[in-house]
Amino acid sequence: MLAAHGPLLAAAAAIGVAVHFRHLQEISHFAVHGVLARGTRSNHLLAETFAHHPLALGPLPVRRRRHVRDHHPNATLADDPNLEELRRGGLRTGTTGFAYARALVRPLTVRGLGASVAGLAACLRPGLWHRSAALVAVAGVAYLAGGWSALICGLVIPRLLQYPQLAWMSLLVEHTWFDAARRTGSTAWVEAGRCLRLYPRNRLMAAVAATTWLPYGDLHHYAHSAHPSVRWNYLPALEAHLAPPHFTPDGLLLGRTSVAERHYNALNAPEPTTEPAPF
C-alpha cells in the first residue's frame, strides 16, 4: 500500500518487501531441516503455503534434497551444489577487477536477472498450475492494494532483483568457500574450518544483519552447520559454547579482513609449486 504514495515510499516498500521475502526463505530453510514444526508433513505444508508457493520457489522436496543431502555433508567440496552456484555466478579462479565486483552483485546484473526469471519460469510450468495460481493471487492482491506501483515496486522488483541479491549475500557469508581448511574429526571442528562468523565484535551491524538479510539464525550459520537439527532460536546460545570458527570478519564488502577480500585473495592465490624430487 505504501508503494502507491510516491517514489520514496515506493522505494521503502520495495526494500521492506524484499527483506520480508528473505525472511520467508529462511523460515522455509528450517522447515527443510524439519525443525519449524513437529512433523514432516507440517513442515512441508507451512513452507509450501507461506513461502515456496507465493514466492514461486521450487518444490520443497527438491530444496531439501539439494540442501540437506547434497550441501551440508559436502560444504565447500567439489560436490557442493552451492559452490557450483557461486562458480556459475562468476566467482571462479582468477576472477579479478570488474568481473569480481560484478559477481558480488550478480542478481542485480542482466545475467542475474535472466537467471531469476528463468528460475521463476521453471516453477510455473503447466504441470505446476497451483504454483502459477498462487503467484497470480499474490500479484492480484498487490495490484488491489496499490495499483501498478504496488505490483511493480511491491512484488516484481523485490522478487526479481532485491530478494535474490539478499539471498546471494547470505550465500557469500556462509563459508570460506574457496580456501576452506580440510579437517577430520568432530562435526564442530570440521565446520569451524570451513565456516565464518560475520560481525562477531560489532553488535550494531550484527543486529542490522539479523533483522534484515541474515534472519532467523542465519547470522549463526557456523552453529547451524555444526548442529543442523537445532532450531534457530537456540543457535545464539549454542554458538556461545562452540570454539569460534577460523574466520571472523568485521565486514562483508569493505576492509582488508572483509569476506569479499578473503574470497578475492583465495580465488587469486598463486598455484602451489612443487619441486622435483632429488636424485
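Taken together, the values in this text are just the output of simple stated rules run on the coordinates, not laboratory data. Since the model is a prediction, treat every value here as computed from it, not as a measurement. Using ideal geometry, Cβ is built from the backbone for each residue, glycine included, and neighbour counts are taken over all protein chains shown.
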Notebook entry, point to check: What per residue convex hull volume, in Å³, comes out for segment 133-279 when only alpha-carbon positions are used?
Noted result: 195 Å³
Margin query: Which residue, Leu253, Leu46, Val19, has the largest displacement toward the positive end of the dipole of the chain when charges sit on each Cβ (Lys, Arg +1; Asp, Glu -1)?
Written below: Leu46
Check: Which cross-chain or sequence-distant (5 or more) residues have an amide H under 5 Å from the amide H of Cys195, H modelled 1.01 Å from N in plane?
Finding: Thr176, His246
Margin query: Could you list Leu77, Leu214, Leu2, Leu204 so that the one with the fewest beta carbons within 10 Å of its beta carbon is first and the one with the most is last?
Written below: Leu204, Leu77, Leu2, Leu214
Check: Got a sec? How would Val32, Val68 order by Cβ neighbour count within 10 Å, fewest to most?
Finding: Val68, Val32
Notebook entry, point to check: Looking at the chain, which longest stretch skips every one of the trypsin sites (Lys or Arg not before Pro) that is in a DSSP loop with at most 11 other Cβ atoms within 10 Å, leaving the sites themselves out?
Noted result: 39-181
Next item on the list: Compute the projected area of the convex hull of the Cα atoms of segment 84-180, averaged over all viewing directions, and report it in nm² to one decimal place.
Entry: 7.7 nm²
Next item on the list: Once you've got the GNM for the chain with C-alpha springs shorter than 10 Å, pick whichever of Val17, Val35, Val141 has the biggest mean-square fluctuation.
Entry: Val141
Notebook entry, point to check: What is the Cα radius of gyration of the chain over 2.2 N^0.38 Å, N being its residue count?
Noted result: 1.07
